[in-house]
Every structure is written in C-alpha cells, then in structure tokens.
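Asker: I have a structure I would like to understand better, so I am pasting it below and will then ask my questions one at a time.
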Amino acid sequence: MLIYNTLTRKKEEFAPLEDNHVKMYTCGPTVYDFFHIGNARVFITFDMVRNYLKFRGYDVTFVQNFTDIDDKMIKRANDEGITVKELGERFIGEYFHDADALGITRADVHPRATEHIDEIIDLIKILVKKGYAYEVNGDVYYKTSKFKDYGKLSHQNIDELKSGARIEPGEQKKDPIDFALWKAQKPGEPAWDSPWGKGRPGWHIECSVMAMKYLGETIDIHGGGPDLIFPHHENEIAQSEAATGKPFARFFMHVGYLNINNQKMSKSLGNFFTVRDILKIYDPEVLRFFMLSSHYRNPINFSQDLMEQAKNSLERLHNAIYSMEHLERVAQDKDLTEDDEKYLDKLEINKNEFIKAMDDDFNTADAIASLFNIVREYNMFVGENSPKKLIVDTKEALLTLGSVLGLFGKFMEKTLLDEEIEQKIIEREQARKEKNYALADKIRDDLKAQGIILEDTPAGVRWKRL
Ligand SMILES: [Zn+2]
C-alpha cells in the first residue's frame, strides 16, 4: 500500500511501526464557529483513510483534537458575552452534529487543548531545560534556529524562512522565526498558572502534547489541511523531536485545497460556505460523494454545477442498489451458466480494481469509477431471470466497498443499539437546555427515520422501536 508522504514528497510503501496497529492523528477544528466545507474535505478524507486501513485489516487508533483556546475563540466569546468554555462546548456540539451527518465516524479520542494544560506546561518545561525554548516576560518562545531539521516538512531552509518572517507587535521573541509556546495573560483573557506566570498555550504545542499522550512518541500518520504544512506541522515536529529525540510522525498526509467557482474561499469574497449551509440544500451523502470524487491531494473546485453532477451520479448508484433490493426479493436460486460465471469473474476484477486504486495513495476517484463499472455490468447483464446469487453478490460488493468510502449508509441493515439511542436522547436534552430547538428536533427526526419514536412524558423521555 502506497501513501504520499509530504516529508519525502514521494509515495512510500506504508506499514505501521507496531505490528498491525496504525496510530493516526489529525488536526481538528478550532471550535469558534461552524466548520466550513474546506474543513469538511479534510475530515471526510481522514475518515475514509481510517475506514480503508481497517478494511485492509489494520487496527487503527485515531485521535483528532479540538482547539478550544486561541485568539479567535477569545474574540468571539467576548463579542457574545460568554466564556471561552461555553463557546467551545457549543461549537463542539455543532461539530459533532455536522460530522455525524456527513458519516464521519467519531475519533477514538477527541482531546481538547484546555484539558491538557498540565501536560502542555510539562512539555514546555522540557524544551526550556534542553535549551530549545526561552522565556521573555511571561511569554515562552521556541528557539527555532537550534532545531537543525527545521523546515524539513515544508522543504524550506532557515534562511528562506527568515526572509519571510517578522516580529508582530506585542511579540517579544528574539528571532522572527521563533514561535510562541506560551503566551502571558493579557487583560480579559482566560489564563492558567504556569512557572512563567499566568497565561495560555500557543497553538502548535497542543498537538505535540495530545498526539504523544494518546499515541506515543512516534506516530504512523499525521494528517491535516494544506495550510497546516507550514508553520503548524513544521512546529509540531520541532517541538516533539527536540523533546524526545525521536521521529514524531512517519507519514505526513495533506489534503488539497478546495476552491469555490475557481476562487479561494473567503468571507470577504462572499463565497464562504459552512457545512451547515450546504446541508440545507444537499443530502450529506452528496457532499461526501462530491469530496471523494477527486483524489484527496488534488485541488477541488466546488460549484453548484459540480454538486448537481455529484448528486446525479450518486443517484445512479442508488438506483442500481434499489433495483438489487427489488430483484433480490423476486429472483430464484438457480444453477449458474457459463455467462453467469463470467459475470461473477468481472465483478471480482472490479472489486480488485477498487482495492488497487485505494492501495495507490487512496485514489478514491478511480475507486468510485470501479463502482460505476460494477453497476454498468449489472445493468447490462442482470435481470429478474438471473440467478439470485448474481444479485446478492453484486449488492454485497457495492455495499462493502461503498462503506469504505462512507457511502450507501441508508442501505445498510443497521439498527441503533440501545446505548446509542440513550446517547442521542442525552444530546437532545442538552440541545433543549441550550434552547437549540432546531438541533433537538433534528435529533428526534433522525431517530424517527431509523424507527425510534421518542415520547416526552412528565417523568422524562421514553423511547420505543416502531
Ligand atoms: Zn495540530
């Protein structure tokens, strides 16, 4: 299996460091707002990567953080007159609402920066002790020039980086390429006690800390959006490797940019879309299908036309599965003819094509093409007089391969477990407490769609299966 590694700018053969166990970390959202469709592309991509690694027989431990303290969080919380913690709670809830809708499986751990302040302080102490960090009036900075591999991920040398760097007003660093590990408290900001006085962590340090805490000093795959290569991931490497003396991540994977009508997405251009906006118009599966229709490293252009195309293409696959569901009920068990055997051989070839495409750096575009090949063969060859085996095998192939991409969920015979229902009820109660009635109603409707009916009684919420 080949994965493109940003560190070497090459596709490399992938195998986890430890037996069969893949340790994977992706940088999650800063929870100050709804997440946008560029973020969605990143989260969908790594969900697909995780699914496929599992499909290939690996155990995967997957960690994705929430950045719940930074300038944007503080500003919005102040604007709304709420605490940073309240703001974080709210948008973590909104993240899960949208991510769940997109079929993104929750990570094994979703750690939050503010819940790891002690560990962050410990790592900064190590860096200070080893001479990789220094304190100035309550700020602590990383001494970038001391880390000899700095720039190895973004393939830049220190001199190039120096020419592009500057010291922002209020920063007290000694060198423009140094970066903050700890920021002294400013008036009106939340702060924690530290050996350097009250303050809060810089952004980069949290990912070093949380990745190493939950996955160990060397992880297999580190992922994120294209804008994280520099400085964020470069700085994570500098922090972690200076502290441990070991490689931090063996493979760095970065998703390509998402443009809107061939322009960069930005609030000032008025072409900025959150997932919440798009899901008012399209089924979440269409958005997911759209994202996976291109290779994850290629730039992707988002437009209404292309979304309509994705919707129509996905419908063709759905229609084929509906047809299989129907034929499965009417078709008979019969002996296979030579042509039937040939059909099943072709099905096998197409399944292998899917795997070959995915083994080649998760080429979902080609993998989806092989799903269409399966459907084309099926439409040409299979009908109500075909042996039932042809229909059953084709449907199973489509659903299995589709599930790797997180598609066709509505065709899966999946009933919710009791504890999943109870969890949804708790989330709905929480939403109602926060007067987020739209979310509360959505949870109730989603459950209803799965045959679970909620009843509000004076004694609390009761539920039953239809
Ligand atoms: Zn990160």
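Asker: Report Rg/Rh for region 20-159, rounded to two decimals, where Rg is the Cα radius of gyration and Rh the Kirkwood radius.
Answerer: Working: Rg = 18.1 Å, Rh = 17.7 Å.
In region 20-159, Rg relative to Rh is 1.03.
Asker: Can you compute the radius of gyration and Dmax for region 347-433, using only the Cα atoms, both in Å?
Answerer: 17.9, 56
Asker: Please find the FRET efficiency linking Lys334 to Asp283, where r is the Cβ-Cβ separation and R0 is fixed at 51 Å, and quote it to the nearest 0.05.
Answerer: 0.90
Asker: Report the label-to-label distance for Arg462 and Lys198 in nanometres (one decimal), using points 7 Å from each Cα along the Cα→Cβ vector.
Answerer: So the two model labels end up 5.2 nm from each other.
Asker: Provide Leu417, Leu153 ordered by accessible surface of protein heavy atoms (probe 1.4 Å), highest first.
Answerer: Leu417, Leu153
Asker: Next question, about the same structure. Can you pull the Kirkwood radius for region 415-464, inverse mean 1/r over Cα pairs, to one decimal in Å?
Answerer: Taking the inverse mean of 1/r over all distinct Cα pairs, region 415-464 comes out at 10.9 Å.
Asker: Over the Cα atoms of region 258-391, what radius of gyration and what Dmax do you get, in Å?
Answerer: 18.8, 65
Asker: Something else: Dividing the convex hull volume of the Cα atoms of region 113-226 by its residue count, what figure in Å³ per residue is obtained?
Answerer: That works out to 133 Å³ per residue.
Asker: Further question on the same structure: Can you give the three extents of the C-alpha atoms in the chain along their principal axes, from longest to shortest, in whole Å?
Answerer: Extents along the principal axes: 81, 60, 44 Å.
Asker: Then there's this: Give me the one-decimal nm value for the distance between modelled label points at Arg166 and Glu86, 7 Å along each residue's Cα-to-Cβ direction.
Answerer: My value for the distance between the label points is 3.8 nm.
Asker: Taking each pair of different alpha-carbon atoms in region 64-118 once, compute 1/r for the pair, average those values, and report the inverse of that mean as the Kirkwood hydrodynamic radius in Å to one decimal.
Answerer: Working: mean 1/r = 0.0827 Å⁻¹.
Answer for region 64-118: a Kirkwood hydrodynamic radius of 12.1 Å.
Asker: Find the percent of Cα-Cα distances in region 277-327 that exceed 13 Å, and round it to a whole number.
Answerer: On the way: 772 of 1275 pairs.
Of the Cα pairs, 61 percent sit more than 13 Å apart.
Asker: Hey, got a sec? Which trypsin sites (Lys or Arg not before Pro) in region 262-333 land in a DSSP loop and have at most 12 other Cβ atoms within 10 Å?
Answerer: For trypsin sites (Lys or Arg not before Pro) across region 262-333 that sit outside H, G, I, E and B with at most 12 neighbouring Cβ atoms in 10 Å, the list reads Lys267, Lys280.
Asker: Which whole-number percent of Cα pairs in region 201-242 have a distance greater than 11 Å? Working shown, then result.
Answerer: Numbers: 548 of 861 pairs.
Tail fraction, whole percent: 64.
Asker: Once neighbouring chains are kept in place and the probe is 1.4 Å, which whole percent of the accessible area of region 259-410 is contributed by carbon and sulfur?
Answerer: The C+S portion of the solvent-accessible surface of region 259-410 is 46 percent.
Asker: Here is a further query. Is there a pair in Lys173/Lys198; Lys23/Lys162; Lys173/Lys267 whose C-alpha atoms are over 26 Å apart, and which pairs would that be?
Answerer: Over 26 Å apart, Cα to Cα: Lys23/Lys162; Lys173/Lys267.
Asker: What accessible area per residue, rounded to a whole number of Å², is obtained for region 1-88 using a probe radius of 1.4 Å?
Answerer: Working: 3480 Å² over 88 residues.
Ligands and nucleic acids excluded, the result is 40 Å² per residue.
Asker: Let me ask another. Dividing the Cα convex hull volume of region 229-337 by residue count, how many Å³ per residue is that?
Answerer: In region 229-337, the Cα convex hull volume per residue is 222 Å³.
Asker: Using every Cα-Cα pair within region 94-169, state what percent have a distance larger than 17 Å.
Answerer: Result for the distance tail: 67 percent.
Asker: Further question on the same structure: Sort all Cα-Cα distances of region 363-411 into consecutive 5 angstrom bins from zero, then give the percent of pairs in each bin up to the one containing the longest distance.
Answerer: Using 5 Å bins, I get a P(r) of 5, 20, 28, 23, 16, 7, 2, 0 for region 363-411.
Asker: Please compute one quarter of the surface area of the Cα convex hull for region 141-292 and express it in square nanometres.
Answerer: Taking the Cα atoms of region 141-292, their convex hull projects to 12.7 nm² on average.
The values are calculated or read from the model by the stated rules, or taken from the named source; none is laboratory data. Values in this document were obtained by computation on a predicted structure and should not be read as measured data. Every residue, glycine as well, gets a Cβ built from its backbone with ideal geometry; the counts of neighbours run over all protein chains shown. Note: areas computed on protein heavy atoms with side chains; ligands, DNA, RNA excluded. Shrake-Rupley method; radii C 1.70, N 1.55, O 1.52, S 1.80 Å.
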